[in-house]
Structures are given as structure tokens and as C-alpha cells.
1. Please state which one of Gly127, Gly159 is within 16 Å of ligand 3 (Cβ to nearest atom), under 25 Å from His256 (Cβ atoms) and either within 19 Å of the chain's Cα centre (by Cα) or not β-branched (Val, Ile, Thr) (or both).
2. Give just the number: which of (1) within 28 Å of Gly254 (Cβ to Cβ); (2) not in a strand (DSSP E or B) does Pro163 not satisfy?
3. Residue under question is Met125, and the condition is that it be assigned to a helix (DSSP H, G or I), away from ligand 1 (no atom under 14 Å from the Cβ) and either closer than 25 Å to Glu66 by Cα or among the aliphatic types (A, V, I, L, M) (or both); does it hold?
4. Given the conditions (1) part of a loop (DSSP other than H, G, I, E, B); (2) under 26 Å from Asp208 (Cβ atoms), which single one is not true for Trp313?
5. Taking Ala177, is it under 26 Å from Arg29 (Cα atoms) and within 16 Å of ligand 2 (Cβ to nearest atom)?
6. Scan the stretch 131-144 and report the pairs whose first residue is within 16 Å of ligand 2 (Cβ to nearest atom) and whose second residue is among the basic types (Lys, Arg) and in a loop (DSSP other than H, G, I, E, B), with Cβ atoms within less than 8 Å and a gap of 6+ or a chain change.
7. Which of the residues spanning the stretch 84-104 are within 16 Å of ligand 3 (Cβ to nearest atom) and of a type in the set (S, T, N, Q)?
8. Would you mind telling me which numbered condition in (1) more than 12 Å from ligand 1 (Cβ to nearest atom); (2) more than 24 Å from Gly35 (Cα to Cα) Arg236 fails?
Amino acid sequence: QRAYNPRVGFGAVNSGGKIPLGLKRKGLRIVVTGGAGFVGSHLVDRLIARGDSVIVVDNFFTGRKENVMHHFGNPNFELIRHDVVEPLLLEVDQIYHLACPASPVHYKFNPVKTIKTNVVGTLNMLGLAKRVGARFLLTSTSEVYGDPLQHPQKETYWGNVNPIGVRSCYDEGKRTAETLTMDYHRGAGVEVRIARIFNTYGPRMCIDDGRVVSNFVAQALRKEPLTVYGDGKQTRSFQFVSDLVEGLMRLMEGEHVGPFNLGNPGEFTMLELAQVVQETIDPNAKIEFRPNTEDDPHKRKPDISRAKELLGWEPKVSLRKGLPKMVKDFRQRIFGDHKEGGA
Ligand code: NAD
Ligand code: UDP
Ligand code: UDP
């Protein structure tokens, strides 16, 4: 077993495990699949700022070049249009595997493709990690807990998931991705990390991705009613993207496989969220009730004691602090740079 140095990774692939001199100070070579997406692009910003070389692999299903364009021309940055369902040969030290649509609207659009991305895509990236001896981090999801019967959810909870529902392509896809990750770890000695991410929001979210925070913010800015599904009493916990990125990096660099819940334990009903959006954007914004979608989990809130204890991590940005940063970005993208504040 080759020694792993979290700053330097395993070194070059054909080095026989020895880190070639000179590589140490150059930073790591890191792949971020899904790096043109919402979370991925913020992670890329942090890795580049740290001095690492980053290769983004993305098929642009929900990601956008605009999210990473500010790195074009930087020799430490590379962007590859590639679908992770197809094999990929690269030489790297670490793989952050994020490629997968995250919004229910996007992942239900082509459910079979979502499963292929989660299963075949993850298999390929694990095969890559095995071949080059890279450390692999899977971005799994709180949806592995399904409609949870335990509250808040601990990592030891096995979940309550419908295997044949409209969300299953995502939930069960991610559960299989976790299984594959652990089997490559146990069977092939791949260094792996698993993050179970809870609802995350922030700048660069797709404006019309159907997720609740992006919907409410866009609706309030456009003077449309906020669409609350069902009775609005279902709960979620909303994490600002910079907190998540910090957690992902700590997990990758640390010594623990996980899984780790990464989320903000602050719990809100959708009606409470609508109220915070009203307070932040427009106190006169109306609320409109709509029928809820199938299999919508009633409650969700992470127990983050494990991440606190073993990664020294906890979220720092409250919903009321984070939301205005997202509103600023949405305002600019909806109304254009020069009409900030206009409607
Ligand atoms: P996103 O949709 O903004 O980003 C996903 C990225 O993956 C996009 O750039 C998309 O183009 C790319 N992609 C999708 N399928 C691909 C494929 N087959 N090959 C290559 N690229 C592909 O979503 P996000 O919110 O940034 O989520 C990133 C990861 O975090 C996902 O794996 C998601 O499941 C996980 N996650 C996110 C949240 C959240 O609230 N944002 C919650 C739980 C888990
Ligand atoms: N794979 C890849 N890049 C690599 C190595 C493997 O995309 O650098 C893919 C490979 O095509 C296969 C998957 O990862 O579909 C699993 O690879 P592994 O070597 O574990 O399994 P095998 O190829 O023996 O089935
Ligand atoms: N939701 C809502 N209005 C919307 C979009 C979503 O009330 O315009 C609700 C949805 O029914 C769910 C919660 O908000 O209970 C979170 O939905 P989202 O799609 O953001 O993420 P999920 O946690 O379900 O993956």
C-alpha cells in the first residue's frame, strides 16, 4: 500500500509510489466531475486559489461554461466536455465526483440517464481512481435517507426509500454509488470519502431548476407569487454553498472515509422559508399553494455531530446571512448587470 500524503497525493502514476521531487510544491492534480455546475464551480474556485491544478469534466447537462469561465487562460485550469458514463483516462491525485443533476426537475427529466450517471459514471470514476491510485470523494445526498423515520438523521440510519418511485433514479442511484464506493475501498484498496449533502443554496444555482430556494428567490424578484407545494409544513435544512465546499475539502484531506452528513442543522418549513424570502426581497410577495409532488420527504435535518467531531467542521452561514448573497447573483442574472434592483 502506497503512503498517501494529503498535500501531495500519491504522486505521479508511474513513480512506483515515490513522489517525484519538485511535485511537492506544485500542488495537486485534481479532477472535479460536474465542476461546471453549482457546487462544483465553487469548489474549483477554492482549489485553484489554493494552487492546485484542476481538470473539470462536465457534459453541461445542468452546468454552464459561465460558472468557470473566469479560469479560462489559467494554465492550472482545464475544461473537458465529457460524459462520465463513458470511460476516461487521466492521471490525477484526487477525484471529486460531483457529476449528476441535483434538482428533482433535472434528475426526473431522463431518469434512466440519471441512474446511468450515478451507477456507470461512478463506476468509471472509481475505475480511474483505482488505476492511478487517486483518492476519490463521492458527493452523495441526504436523499439516501428517503422519507426518514428517524429525525434528525444520523449517518448510521439506513433510510426509508421507495425503490420504484419517481425519485428512485436519484435516491437509489446515489445509494448504489455509495455501495460501489465502499466496494472499491474494501476490494481494491481505493482511498475513498463519502459526503451526504443536505439541501444547499447560493450564487450560480440554475435560476429555473425548480428547487425551492431558487424558485422562491426568482419568483420574488420577478414579482410572481411564491409557489408553496402541499401545505408548506414539510421541512428542509438549508446550507450555504461556501460551508459545503469547506466541508468537502476537509473530508478529502482528512483521514476518515465517512459517510459524513454535510448540512446546516437549522430547520425550516417551506412556509418559514417563504417568509425569510419575503423579508429579504419583497415583504409584499404573495404565496400560492400548489399540489405537492409524489414521494416528497416530510422532514429533513442533518445530525452533524460526526463531521463536527472528526472533521472539525460546522456551517458558519445562517439562512438570513446567505440568502442576500444569492439574491444579488440572481438579480444580476435575471435583470442584467446594469439594472440591478430594477424590475
Ligand atoms: P448541478 O446540477 O448544478 O451540477 C451537476 C453538474 O454535473 C452539472 O455541471 C452537470 O452538467 C454535470 N453532469 C450531470 N450529468 C453528467 C454526466 N453524465 N457527465 C458529466 N457531467 C455531468 O448540481 P449541484 O447542486 O452542483 O450538485 C453537485 C453534486 O452534489 C451532485 O452530485 C448532487 O447530487 C450533489 N448534491 C447536491 C445537493 C444540493 O443541494 N445542491 C444536495 C445533495 C447532493
Ligand atoms: N475506467 C476508466 N478510466 C480508467 C480506468 C477505468 O474510465 O482510467 C473505467 C473502465 O472502463 C471500467 C470501469 O472504469 O468500465 C471500472 O474499471 P475497473 O478496472 O475497476 O473494472 P474492469 O474494467 O475490470 O471491469
Ligand atoms: N417546494 C416548494 N415550492 C417550490 C419548489 C419546491 O414548496 O417551488 C418544496 C418541495 O415540495 C419540497 C421542498 O420544497 O418539500 C424542497 O424541494 P427541492 O426541490 O428544493 O429539494 P428536495 O429536498 O425535495 O430535493
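1. Just a single option satisfies the conditions, and that option is Gly159.
2. (1)
3. Considered against the rule, which asks whether it is assigned to a helix (DSSP H, G or I), away from ligand 1 (no atom under 14 Å from the Cβ) and either closer than 25 Å to Glu66 by Cα or among the aliphatic types (A, V, I, L, M) (or both), Met125 comes out as no.
4. Unmet for Trp313, out of (1) part of a loop (DSSP other than H, G, I, E, B); (2) under 26 Å from Asp208 (Cβ atoms): (2).
5. Against the criterion (under 26 Å from Arg29 (Cα atoms) and within 16 Å of ligand 2 (Cβ to nearest atom)), Ala177 qualifies.
6. If the second residue must be among the basic types (Lys, Arg) and in a loop (DSSP other than H, G, I, E, B), the pairs left are Gly133/Arg2.
7. Listed by number, the list holds a single entry, Ser103.
8. The number of the failed condition is (1).
The values are calculated or read from the model by the stated rules, or taken from the named source; none is laboratory data. Bear in mind that the values here come from a model prediction, so they are computed numbers and not experimental data. So basically every Cβ, Gly included, is an ideal-geometry build from the backbone, and we count neighbours across all protein chains shown.
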